[in-house]
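Taking it in order: structure first as structure tokens, then the write-up.
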């Protein structure tokens, strides 16, 4: 061994790889790249920083070079002398740390799990991508797994997989960030009597802005929130309804919703103590003149809205048709103040998420006979509230006699409300839900086409999905967007395809009791957020009850560590808590490396000290 090391120390390559001249630049480069990764993560997110920096081939090569440099530098000191002790132990600690990181990267589990408040989940989404396909009726799934990357891939990258599945399909393209758009184009006359139409439209309101296609054969109907949209073919549609009759129907609909009243309403605020159930009713006109004190709080009326919408994280009055009465309050307490919004329609809604706050508020309207008039109670889910007890239908009527036009029919509770003819580029304002319909394209002899648009990630937003194209053995071109599931016929046999993230089933189930967030006073910036969860086994029996997972308080269970990483808050839906789930088999190796490194640094420092040199000199006398 000694002879071998002596020969290696005479080798120029070995001397270079074990030298300080290589170690210092390597460590500086690694330090700069890690700092750059931190900046990328702050601008985008952890996943993008991982793809750009930490899981890149270049960064892996640097770490391997650094490991070899440390190993060769340690080996070059063999046979070790007494004064080498601190040096050797320190370098062994560094080697152990890097080995632990390698084990974590290649053998560990690191993913995310999203849990909706009041629901349960045990499926962790990992970073690798998979193309899953299975013949319908069979229990033999097939999977192609590959790592997500930032570069486009062609068929040559998937050559091995394409050889295996050549009797089914071949993978042709991979785009890291993309958007797939389905379009319809006029393919000309094919067979007499088989004319199909497609209409593209934009549906816009205070709550949504979506663009979609309808096709008389492929997509004859769409359900979008509170409305059902349909497309039909008719022989001719140059018949208009009586305007006076339409106006009469609109008036009747408004009265049926309780939006018109001959009696002047009195607007009230109901305060209730959640503990004692004591209550107090305050007239909003009085509250508008001066703040109202109740027990240990003071209530100030900030705004009163007839048709409230949210814009730039604040309530504003919409000038468009609609009715969404709301009030905005400022609640002063000893610790500061809270912002609260009360909707007339949505009695369960509250901005105040702090459990220790003991009061709740409700917006009421009272007529002259002291009869409380409220709209249906619930959370502000427009799709549910607007459609309760009603049916809102938008019909697009197309005719081969008028190929450049479409008749739009609006029906509520199967009663015709409005009927108008529009051309491409024109719009129509609906008398309910505050919707506006913009007509894009009206295509005769329509046949579908797919367009792929490459995207670049935007700062501080979720990464766009990736896209994958396969060509089947029947020469069909099929595009998949990440997270998409499709049925594809292969030689006349139906197969189910799924393209998306690889997943992992936890040995336990997480049930989210409640998600809560505390903002910095006067802002929407989170100061802290946490989740109260139950941990269940697969039989839905409790293992841990009412556990809190917060930003600085992870949960360790069954070898996994669950961190509170993010959340999704939408006024129309229940809160979603996002947890990072980590299983790190290299953790104990990294801990061991840290201990060895610390011991080595202590010994190295002591052996370089004046006290040790003097002690060594005395012992040698």
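Set side by side, the residues 223, 255, 240 differ, and just one is at pLDDT below 85, surrounded by fewer than 17 Cβ atoms within 10 Å (Cβ to Cβ) and part of a loop (DSSP other than H, G, I, E, B), which is 240. With a requirement of 3 or more residues that are outside the structural domain of residue 517 (by TED's automatic domain parsing), under 30 Å from the mean Cα position of the chain (by Cα) and over 19 Å from residue 205 (Cβ atoms), the strands (runs of 3 or more DSSP E) lying completely within the stretch 264-353 that satisfy it span 337-343. The residues on offer are 459, 454, 469, and the sole one that is in contact with a strand residue (DSSP E or B) (Cβ under 7 Å, 6 or more places away or on another chain), surrounded by fewer than 16 Cβ atoms within 10 Å (Cβ to Cβ), in contact (Cβ under 8 Å) with a residue 12 or more places away in the chain and under 30 Å from residue 176 (Cβ atoms) is 454.
Being surrounded by fewer than 17 Cβ atoms within 10 Å (Cβ to Cβ) and at pLDDT below 80 is the filter here; which residues of the stretch 304-348 pass it?
Restricting attention to the stretch 304-348, the residues satisfying the condition of being surrounded by fewer than 17 Cβ atoms within 10 Å (Cβ to Cβ) are 306, 310-314, 316-317, 319-321, 330, 332-337, 348.
310, 311, 312, 313, 314, 319, 320, 321, 335, 348 - these are the residues of the stretch 304-348 that are surrounded by fewer than 17 Cβ atoms within 10 Å (Cβ to Cβ) and at pLDDT below 80.
Scanning the stretch 136-165 for residues that are touching a residue at least 24 places away in the same chain (Cβ under 8 Å), surrounded by fewer than 17 Cβ atoms within 10 Å (Cβ to Cβ) and outside any strand (DSSP E or B) returns 136, 147, 149, 150, 151, 152. Scanning the stretch 488-507 finds no residues that are under 30 Å from residue 349 (Cβ atoms) and either crowded, with 19+ Cβ neighbours inside 10 Å or touching a strand residue (DSSP E or B) at 6+ places or on another chain (Cβ under 6 Å) (or both).
Please return the ranges of strands (runs of 3 or more DSSP E) entirely within the stretch 511-603 where 3 or more residues are under 20 Å from residue 101 (Cβ atoms). Before the answer, list the steps.
Numbers: elements: 526-536, 542-550, 555-557, 560-568, 576-583.
Per the criteria, 560-568, 576-583.
Any residue at all in the stretch 197-216 that's on the phi > 0 side of the Ramachandran plot and either surrounded by fewer than 16 Cβ atoms within 10 Å (Cβ to Cβ) or modelled with pLDDT of 75 or more (or both)? The answer is no; no qualifying residue exists.
The values are calculated or read from the model by the stated rules, or taken from the named source; none is laboratory data. Remember, it's a predicted structure, so these values are computed and weren't measured experimentally. All Cβ positions, glycine included, derive from the backbone under ideal geometry; neighbour counts span all protein chains shown.
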